[in-house]
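**Student:** Just passing along the structure, written as structure tokens.
The values are calculated or read from the model by the stated rules, or taken from the named source; none is laboratory data. This structure is a prediction, so every number in the text was calculated from the model and none was measured. Cβ atoms come from the backbone with ideal geometry, glycine included; neighbour counts cover every protein chain shown.
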Amino acid sequence: MESEARTLMKELREDHRNMSIVLELIDDVVEHASSGKDPDFELLDEIMRYMTVYPDAVHHPKEDIMYAQLRKKRPDLAEGLDNVPDDHNEIAALGAALRDEIEAINAGAAVRRSKLIKDASGYVNRLRSHMAWEERDLFRRIDTMLDEDPQEFDVAKFEHIKDPVFELQVEAGFRRLLSSLKRNSSPAG
Ligand SMILES: [Fe+2]
Ligand SMILES: [Fe+2]
């Protein structure tokens, strides 16, 4: 039977797939803005609100606990993990700054387009490379830990918290984000 830790790892990987899709939407907005057109700021606002209420508030803290367990149970596999919580904090800070910038734009403030493009692409690049590192390295170390001792990992304290967009589809708060996702996932050919 699959251990709870395995279920949690599946959820973390699923989160990454969902976050990648959302980052692609930010790419589209940045591309739009770079070509001189007016980007959909309301969509960007929903995206950044989503990033703060799910990835920053649920996904990263779950990972922090997984990595803390890895450090505790398998210090031999935990090299280079000390920076992860800082990485998560920095990503959250970049995301919060970008969200504030977009909220200010939506409230009528003049923000230079070049600054928005720079901040949004900086955020996307930072988060993307963080997730790539986790997938090619950190998640595999946790898999190794679980392969060798699947029972040793107590994840009972995790309550499954739903993703407000990909699982719950809370229309009221994320209407634009949801319809952009639906548009982009329509089958090709
Ligand atoms: Fe992470
Ligand atoms: Fe992650």
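**Student:** Listed residues I105, I91, I117, I161; which is of a type in the set (A, V, I, L, M, F, W, C) and within 13 Å of ligand 1 (Cβ to nearest atom)? Before the answer, list the steps.
**Tutor:** Details: I105 fails: within 13 Å of ligand 1 (Cβ to nearest atom); I117 fails: within 13 Å of ligand 1 (Cβ to nearest atom); I161 fails: within 13 Å of ligand 1 (Cβ to nearest atom).
Only one candidate qualifies: I91.
Quick grid of which residues meet (1) polar (S, T, N, Q); (2) away from ligand 2 (no atom under 14 Å from the Cβ); (3) modelled with pLDDT under 90; (4) part of a helix (DSSP H, G or I):
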{"position": "D15", "(1), (2), (3), (4)": "no, no, no, yes"}
{"position": "Y50", "(1), (2), (3), (4)": "no, yes, no, yes"}
{"position": "K62", "(1), (2), (3), (4)": "no, no, yes, yes"}
{"position": "V84", "(1), (2), (3), (4)": "no, no, yes, yes"}
{"position": "I91", "(1), (2), (3), (4)": "no, no, no, yes"}
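**Student:** Of the numbered conditions (1) closer than 24 Å to N184 by Cβ; (2) within 16 Å of ligand 2 (Cβ to nearest atom); (3) touching a Pro at 6+ places or on another chain (Cβ under 6 Å), R126 fails exactly one; give the number of that condition.
**Tutor:** (3)
**Student:** Out of (1) buried (at least 19 other Cβ atoms within 10 Å of the Cβ); (2) aliphatic (A, V, I, L, M); (3) within 23 Å of S121 (Cα to Cα), what's the single condition that is false for A5?
**Tutor:** (3)
**Student:** Here are some conditions: (1) under 20 Å from L127 (Cα atoms); (2) in contact (Cβ under 8 Å) with a residue 60 or more places away in the chain; (3) among the hydroxyl-bearing types (S, T, Y). T52 meets all but one. Which one does it not meet?
**Tutor:** That leaves (2) as the condition not met.
**Student:** Within segment 162-189, how many residues are in a helix (DSSP H, G or I), surrounded by 13 or more Cβ atoms within 10 Å (Cβ to Cβ) and at pLDDT 85 or above?
**Tutor:** Filtering segment 162-189 down to residues in a helix (DSSP H, G or I) leaves 171-184.
Still in the list and also surrounded by 13 or more Cβ atoms within 10 Å (Cβ to Cβ): 173-178, 180-181.
Of the ones still in play, those that are also at pLDDT 85 or above are 174-178, 180-181.
The number of residues fulfilling the criteria is 7.
**Student:** Give the residue, chosen from A78, A93, A68, A57, that is of a type in the set (G, A, S) and more than 20 Å from the chain's Cα centre (by Cα).
**Tutor:** Testing whether each residue is of a type in the set (G, A, S) and more than 20 Å from the chain's Cα centre (by Cα) leaves just A78.
**Student:** Going through segment 17-43 one residue at a time, which ones are outside any helix (DSSP H, G or I), modelled with pLDDT of 90 or more and surrounded by 13 or more Cβ atoms within 10 Å (Cβ to Cβ)?
**Tutor:** Filtering segment 17-43 down to residues outside any helix (DSSP H, G or I) leaves 35-40.
Adding the requirement that they be modelled with pLDDT of 90 or more leaves 35, 40.
Within segment 17-43, just D40 meets the criteria.
**Student:** Now for a different question. Does segment 107-124 hold any residues that are assigned to a helix (DSSP H, G or I) and surrounded by fewer than 12 Cβ atoms within 10 Å (Cβ to Cβ), and which are they?
**Tutor:** Listed by number, the residues that qualify are S114, K115.
**Student:** Taking the options R128, R74, R99, name whichever one is within 14 Å of ligand 1 (Cβ to nearest atom) and either of a type in the set (D, E, K, R) or surrounded by fewer than 18 Cβ atoms within 10 Å (Cβ to Cβ) (or both).
**Tutor:** Only one candidate qualifies: R128.
**Student:** Which numbered condition in (1) at pLDDT below 90; (2) away from ligand 2 (no atom under 12 Å from the Cβ); (3) assigned to a helix (DSSP H, G or I) is the only one that V58 fails?
**Tutor:** Among (1) at pLDDT below 90; (2) away from ligand 2 (no atom under 12 Å from the Cβ); (3) assigned to a helix (DSSP H, G or I), V58 violates only (2).
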